[in-house]
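Every read-out reported here was derived from the displayed coordinates using simple, explicitly stated rules and does not represent laboratory data. Note that this is a predicted model, so its numbers are computed, not measured. Note: ideal-geometry Cβ built from the backbone for every residue, glycine included; neighbour counts use all protein chains shown.
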2 protein chains.
Amino acid sequence: MYQKGERRREELLRATLRLIGAHGADAVTHRAVAAEAGVPLSATTYYFDSKEQLLQQALLLAAREETERLERLVLSLAPQSLGVAEWAAAVASVVAQSVREDPATQVALFELGLESTRTPALRAELVDWQSAHLRLAEMGCRAVGSDEPALDATIVVAAIAGLMLEQLASDSESFEEDVLRPALERLFARIAAGEPARALQAH
Amino acid sequence: MYQKGERRREELLRATLRLIGAHGADAVTHRAVAAEAGVPLSATTYYFDSKEQLLQQALLLAAREETERLERLVLSLAPQSLGVAEWAAAVASVVAQSVREDPATQVALFELGLESTRTPALRAELVDWQSAHLRLAEMGCRAVGSDEPALDATIVVAAIAGLMLEQLASDSESFEEDVLRPALERLFARIAAGEPARALQAH
DNA sequence: TACAGTTTGGTACGTTTGTTCCGCTTTGTC
DNA sequence: GACAAAGCGGAACAAACGTACCAAACTGTA
């Protein structure tokens, strides 16, 4: 495959992501993607065997790039051994920024999660993605002094996913300040506090 | 509207939810819904002005029923003032059961969240749904002794949403025991421990 | 029973869809 | 510069689509 062709292929994938984010997976048709990418209709079938493949590969592209972005972020943060509040603020800011800058891709990524429910081929990739998240979160939890970083990472990853979904559906301008940051601060503070499950025996 | 007609209308909505869960929103066509519901094609346009309306109303039906189900659960649990571990186990069991029993509806509900990103009409309903969740979670947090139930509820709701999404995409048989319950136990224990954010000053 | 309103199921129409085909041009290699 | 591979774009196709229509059947009311 020539360089130019590869660029066109990628442009088709990005156009697909834009469409998913803006109008849902329903809106992804060969014609719509071609128009969005500014290429003739036949380009879509030249580069992808079927519409399903186009959709799947677009989602995988988004997932891979998102993982890379996250890894860069955490690695750039980790050596500084921040305090809990700084961690919370940094993570909240990154999450808010992702959603603000490119909500289409974020929506598309959630669609990936749902799509993987039905497509085993996607599930395998999703596992990689998920474990990358867990690994990074575990690193963060360890940094703030968690006594069970793996378990806490599960919670952090899930909570961030849930908060992101919430933010995507919210038009609030101040979601970051009002919800995201306070919630993450508290969550991280709890993890850092390292309170053992003493309340488990209570009843 | 006659009773029989109302039943047919509802059956169309349920058929739509089944299709979303099984094959995605793409698979929702008038013909597919009619076939799934076992009614002639024209019934779909008789009961719904357009395909969009059909989709939206199906999602709203699922959201309303889910909220009711949740409310029943929490209200039946609250008076007993359980310990933290019992709360975690109860919630984990309900979440796991929802996913196991009717994954199609759960997937559809997440699609509702994504769809509301683009459809203001849905967003309003989603707000109600979300605040019902928050209210219930807050009740639970208060019951286990949180000193900031509203904030903790935000975290709990987000974490449960994230864990559910994870479980939907996982084929693991033992997700409840291995992931869901431990994570919720720890989260609830942290909330119950009521450790103030003493670590916030650390650096 | 008669009547208006509702429901039913079959058919039909114009549009959009995924996909194929093919002649033409560009690209890298020898 | 010649040759094969890759890329290109327009036209065309059958299938599936959303939607509209209508005559027959049904339902509750009077």
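Here are the numbers for the structure shown:
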read-out	value
Value at 222 nm in deg cm²/dmol, rounded to 500, when DSSP H runs of n ≥ 4 in chain B each add -39,500 (n - 2.57)	-25000 deg cm²/dmol
Per DSSP, loop chymotrypsin sites (Phe, Trp or Tyr not before Pro) in the range A:1-90 with at most 12 further Cβ within 10 Å	A:Y2
Candidates B:A161, B:A92, B:A58, ranked by Gaussian network fluctuation over chain B, Cα under 10 Å, top entry	B:A161
Average partner coverage of A:149-155, which counts Cβ from other chains inside 10 Å	5
Dimensions in Å of the range B:138-178 - Rg and Dmax from alpha carbons	12.9, 37
Local net charge near B:G24, Cβ-Cβ under 15 Å (Lys/Arg +1, Asp/Glu -1)	-3
Between helix A:103-116 and chain A: long-axis angle, C-alpha atoms, 0 to 90°, nearest 10	90 degrees
Computed E for B:R69/A:Y2 - FRET, C-beta separation, R0 56 angstrom, nearest 0.05	0.50
Top of B:R135, B:R190, B:R118 by mean-square fluctuation, Gaussian network on chain B, Cα under 10 Å	B:R118
Which of B:A27, B:L41, B:V156, positive extreme of dipole for the protein assembly as shown (C-beta unit charges)	B:L41
Environment charge of B:R135, counting only residues whose C-beta is closer than 12 Å and scoring Lys/Arg +1, Asp/Glu -1	-2
Over 18 Å [Cα-Cα, the range B:115-170], rounded percent	46 percent
Peptide-level mean, for B:178-190, of C-beta atoms on other protein chains within 10 Å	5
Cα long-axis angle, helix A:84-101 against chain A (0 to 90 degrees, to the nearest 10)	20 degrees
Scaled radius of gyration (Cα, divided by 2.2 N^0.38 Å) that chain B gives	1.17
For the protein assembly as shown, alpha-carbon Rg and Dmax in angstrom	21.9, 68
Most fluctuating residue given options B:E66, B:E138, B:E173, as computed from a GNM of chain B linking Cα atoms under 10 Å	B:E173
Charge context of B:Q56, other residues only, Cβ under 12 angstrom, K/R +1, D/E -1	-2
Number of partner chain Cβ atoms within 10 Å, mean per residue of A:14-25	2
